[in-house]
Amino acid sequence: SVTDSGPPVLESRSIEAVAKYIKENDVNRVVLMVGAGISTSAGIPDFRSPDTGLYANLAFLDLEEPEDVFDIGFFRQNPKPFYALAHELYPGRYRPTIAHSFIKLLYDKGMLLKHFTQNIDCLERQAGVPGEKIIEAHGSFASQRCIECKKPYPNDLMKQMVGTRKVPCCDCGGYVKPDIVFFGEALPRSFFDSMPQVAEADLCIVMGTSLMVQPFASLPQHVGRRVPRVLINMQKVGGFGSRADDVMLLGECDAGVRKFAKAMGWGDELEALWEAT
Ligand code: APR
């Protein structure tokens with residue numbers, strides 16, 4: 001209804017109007033929600049893009065349902081498909097994209113309140129965003145443990161096993177799984193503890209996600225009614241456009257963050273930051 005959203009905060013649904021809003025209101029509590037689309041230009045496939053997405057290419061792993069690769073029940077029966085994928089996705093082989101550097105730039109300018117990511121590639125950390133600013137809602141490869149006795153498994157041994165396409169096992173005989181959130185598993189406590197900060201934000205930026213997986217997909221709805229939301233994505237997702245102050249840059253994430261930085265007068269600074277990454 002008009003009352004709770006009131007007249008638009010932005011002069012227009014343009015990134016220039018967002019830049020003006022940022023400057024005039026000294027915006028410094030930005031929350032971001034991102035997905036695999038910010039890492040595709042680094043060479044990491046996303047999940048659902050028709051031809052290039054992982055789910056379209058996992059057929060080689062003869063899975064009934066592509067999402068079985070992240071199903072805990074399936075993993076307990078057969079961990080091989082997941083470890084074939086882990087060998088491809090394991091952090092350390094990819095360079096962050098300019099979209100990751102844009103997040104770091106927001107942090108450098110004291111504007112980053114919290115960065116929510118669904119990605120398990122740790123590229124935000126690699127781009128220099130401090131860990132305490134990041135919520136890895138679907139976990140990451142940063143640690144691993146036995147799925148039966150829960151005993152942690154050493155990082156160096158894990159890296160070696162994944163590198164040689166072997167399945168790491170615990171002394172108890174259970175399979176070892178990285179602390180990635182599989183379908184059917186709970187999200188980390190930190191995700192739920194950080195949700196109130198979404199309501200405190202004075203700007204929300206959503207990038208590179210289909211917003212198909214709950215509860216992450218509901219985060220943008222918790223943004224205050226009078227707070228602009230910017231979507232940078234190939235296509236419109238998650239009910240974006242329903243609010244008077246939704247702004248959409250539809251297209252490549254890298255092009256979108258360059259357009260955003262240019263509107264802020266940060267163009268050269270962003271390129272230099274990314275060059276140094
Ligand atoms: N620029 C802009 N948008 C892009 C780009 C790009 N270079 N590459 C991909 N996209 C868009 C796609 O069009 C799609 O809308 O990013 C979105 C990626 O969506 P998904 O492949 O569904 O990835 P994501 O949203 O991160 O998936 C969420 O699903 O399988 C689970 O746990 C897994 O975290 C993952 C979750």
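The values are calculated or read from the model by the stated rules, or taken from the named source; none is laboratory data. Owing to the predicted nature of the structure, the values given are computational and were not obtained by experimental measurement. Using ideal geometry, Cβ is built from the backbone for each residue, glycine included, and neighbour counts are taken over all protein chains shown. Ligands, DNA and RNA are excluded from the accessible area calculation, which covers all protein heavy atoms including side chains. Shrake-Rupley method; radii C 1.70, N 1.55, O 1.52, S 1.80 Å.
Once you reduce the stretch 197-255 and the stretch 80-143 to the center of their Cα atoms, the two points are 19 Å from each other.
Our Cα-only numbers for the stretch 39-95 put the radius of gyration and Dmax at 11.6, 34 Å. Taking a Cβ cut-off of under 15 Å around Arg76, the surrounding Lys, Arg, Asp and Glu residues balance to a net charge of 0, with basic ones at +1 and acidic ones at -1.
For the stretch 61-70, putting each phi into the Karplus relation 6.51 cos²θ - 1.76 cosθ + 1.60 with θ = phi - 60° gives couplings of 8, 5, 8, 5, 10, x, 6, 4, 4, 10 Hz, in residue order, rounded to whole numbers and with x for Gly and Pro. By accessible area, using a 1.4 Å probe on protein heavy atoms only, the chain has 53% of its surface on carbon and sulfur.
So if I place +1 on the C-beta of Lys and Arg and -1 on the C-beta of Asp and Glu, and nothing else carries charge, what would the dipole magnitude of the stretch 1-93 be about its Cα centre? I want it in debye, nearest 20.
Working: 8 positive and 14 negative charges, 74 e Å.
About 360 debye.
Pairs Lys104/Lys150; Lys133/Lys236; Lys159/Lys259; Lys20/Lys104; Lys80/Lys114: which are spaced more than 30 Å apart, C-alpha to C-alpha? Intermediate values should be presented prior to the final figure.
Working: Lys104/Lys150 34 Å; Lys133/Lys236 26 Å; Lys159/Lys259 38 Å; Lys20/Lys104 21 Å; Lys80/Lys114 35 Å.
Pairs exceeding 30 Å: Lys104/Lys150; Lys159/Lys259; Lys80/Lys114.
Take the Cα of Gln197, go 7 Å toward its beta carbon, and the backbone nitrogen atoms of the stretch 9-46 under 19 Å from that spot belong to 27-35.
Think of the chain as having a plus end and a minus end, set by charges on the Cβ of Lys, Arg, Asp and Glu; of Val9, Val27, Met207, Val27 sits farthest toward the positive end of this dipole. Within the stretch 237-257, find all residues whose amide N lies under 18 Å from a label point positioned 7 Å from the Cα of Tyr94 along Cα-to-beta-carbon. Zone members listed by number: 252-257. Scalar couplings 3J(HN,Hα) for the stretch 167-180, obtained by applying the Karplus form with A = 6.51, B = -1.76, C = 1.60 to θ = phi - 60°, are 8, x, 10, 7, 4, 6, x, x, 6, 9, 10, x, 7, 9 Hz; x denotes Gly and Pro. Using a Gaussian network model of the chain in which every pair of alpha carbons under 10 angstrom is joined by a spring, one finds that among Thr52, Thr209, Thr117 the greatest mean-square fluctuation is at Thr52.
Can you give the convex hull volume per residue for the Cα atoms of the stretch 5-61, as a whole number of Å³? Intermediate values should be presented prior to the final figure.
Numbers: hull volume 9.2 nm³, N = 57.
Considering the Cα atoms of the stretch 5-61, their hull volume per residue is 162 Å³.
Here the chain was treated as a single set of alpha-carbon atoms; its pair distances binned every 5 Å from 0 give 1, 5, 12, 16, 18, 16, 12, 8, 6, 3, 2, 0, 0 percent. Ellipticity at 222 nm from helices only: DSSP H runs of n ≥ 4 in the chain, each -39500 (n - 2.57), divided by the residue count, give -9000 deg cm²/dmol.
Using the Cα coordinates of the stretch 58-192, the gyration tensor eigenvalues translate into equivalent-ellipsoid semi-axes of 28, 16, 15 Å, sorted from longest to shortest.
Rg/Rh for the stretch 24-122 to two decimals, with Rh computed the Kirkwood way over all alpha-carbon pairs. Kindly include the intermediate steps, with their values, before the conclusion.
On the way: Rg = 16.7 Å, Rh = 15.4 Å.
Result: Rg/Rh = 1.08.
Around the Cα centre of the chain, unit charges on the Cβ atoms of Lys, Arg, Asp and Glu (plus for the first two, minus for the last two) sum to a dipole of about 280 debye. For the stretch 102-211, the per residue solvent-accessible surface stands at 41 Å², with DNA, RNA and ligands left out and a 1.4 Å probe.
Rounded to a whole number of µm²/s, how large is the Stokes-Einstein D of the stretch 127-277 at 10 °C and 1.306 mPa s, given Rh as the Kirkwood radius over C-alpha pairs?
Numbers: Rh = 18.4 Å.
For these conditions, the coefficient is 86 µm²/s.
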